[in-house]
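Working notes for the structure below.
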Amino acid sequence: MSDKGGKAGSLLSSKGSLKGKDDSAAKAKARKVQFSTEGLESIMSNGAKSGGKDKVANGGKSSAAKDPHQNEHRVDQELPENFKCLMDCEAAVMLQGIQDHMVMLSRDPAIKIPASFDKGLHYAKSSSKHSNPESVRNILEPLKNHGLTESEICVIANVYPETADVVFALLPSLKGKRGINSQPIEDSMNELAKLKQPM
Amino acid sequence: MFLKVQLPWNVIIAAENLKPGSLMLQRAILIRLLSDFAVKKATKDMGYFLAVTTLDKIGEGKVRQHTGDVLFPVIFNAVTFKVFKGEVLEGVVHKVLKHGVFLRIGPIENAYLSSSKMPGYVYVLGENPYFMSQKNHKIAKDVVVRVVVIGTKWMEAEREFQALVGLEGDYLGPISSPDM
């Protein structure tokens, strides 16, 4: 089970996010690094001169002081087109397939296996929580139609959350779309929970 | 997270390996590809190279002037591992220090979780030191911890990544095995 202390924290952070940009900016500003406040002071002093500039200053304030956890999860923007995200369970199946051939492969001294292979396999197997990656993929794939990216779906599959609340807590990028697609996510979590039950 | 990538690489076969019979040639190309793949270990863009899964295409060979080697463009699929900022992952603690712990996340040996990013946890000194929270959750050696990645760094010289992770956020922290 995850750290239950997180639930007390969740009340605070969910309140912060519901109130909107300014509060989260103010909250983040309190604990953010020095340079952003210095920059803000110069913007604010310029903004005091003309009313029009105030809006720019405010806009600058919230963007400068945004919670880094919120706007950093843009995995898909970093990935070129020929990259595809794999769920841990899918990767485990692929790597295990290679491991099964390892005895035969190791007989040929010319064949070299990357050093990270063992660690990758071990991690995939220990982190993989589903025995059937295909059914997980079938359950989560439709969420793409509700605005989730491939990488967000993979993070959900890897974490294997119990409720939709966990999904929104761990993927702040979804918070902005909460009203729109909380129901499909809840449905998917229920389907995933069914997979947990022993057959 | 794991990535499946399709890559176009150039594989160079030395002239002495160009025996007649295409099967030996294909084998030579494959061996050379696997060797290059294993040696490369990791790149900044794709992360740690784990395994080649399929070989899609071997293009026409081009003879290189001066050396007599032949260069074959190949397209293949591979599985790699890379962590991204904002990603939620589970790592295993392998070292506990006064100011933080080091986690192993897959091929990444040193993902650092600073004590400043462990709100509510205090360091407990001892032969096997650990961090304890007010709710009696323990972060010690060999404990699995769910973390969020705050930042990553690619070290060109060592050809590896380092990561900075944190527990600031809901549902993050040590994971205990489920009660069955």
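The figures follow:
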quantity: Failed item in (1) surrounded by fewer than 17 Cβ atoms within 10 Å (Cβ to Cβ); (2) on the phi > 0 side of the Ramachandran plot; (3) within 14 Å of the chain's Cα centre (by Cα), with residue B:106 passing the rest; calculated: (1)
quantity: Where residue B:45 falls short, out of the listed (1) within 9 Å of chain A (Cβ to nearest Cβ); (2) part of a strand (DSSP E or B); calculated: (2)
quantity: Every pair of residues 6+ apart whose Cβ atoms lie under 8 Å, when the first sits in the range B:37-62 and is surrounded by fewer than 14 Cβ atoms within 10 Å (Cβ to Cβ) while the second is of a type in the set (Asp, Glu) and in a loop (DSSP other than H, G, I, E, B); calculated: B:44/B:156
quantity: Residue selected from the range B:132-155 under the condition without any contact (Cβ under 8 Å) to a residue 24 or more places away in the chain and more than 9 Å from chain A (Cβ to nearest Cβ), by the criterion surrounded by the most Cβ atoms within 10 Å (Cβ to Cβ); calculated: B:132
quantity: Filter result (hydroxyl-bearing (Ser, Thr, Tyr) and in contact (Cβ under 8 Å) with a residue 40 or more places away in the chain) within the range B:80-116; calculated: B:80, B:112, B:114
quantity: Single residue of A:127, A:135, A:182 found to be within 14 Å of chain B (Cβ to nearest Cβ) and polar (S, T, N, Q); calculated: A:127
quantity: Any chance residue B:157 is among the small types (Gly, Ala, Ser), in a strand (DSSP E or B) and within 24 Å of the chain's Cα centre (by Cα); calculated: no
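Read-outs throughout are calculated quantities, based only on the coordinates presented, and are distinct from any laboratory measurement. This structure is a prediction, so every number in the text was calculated from the model and none was measured. So basically every Cβ, Gly included, is an ideal-geometry build from the backbone, and we count neighbours across all protein chains shown.
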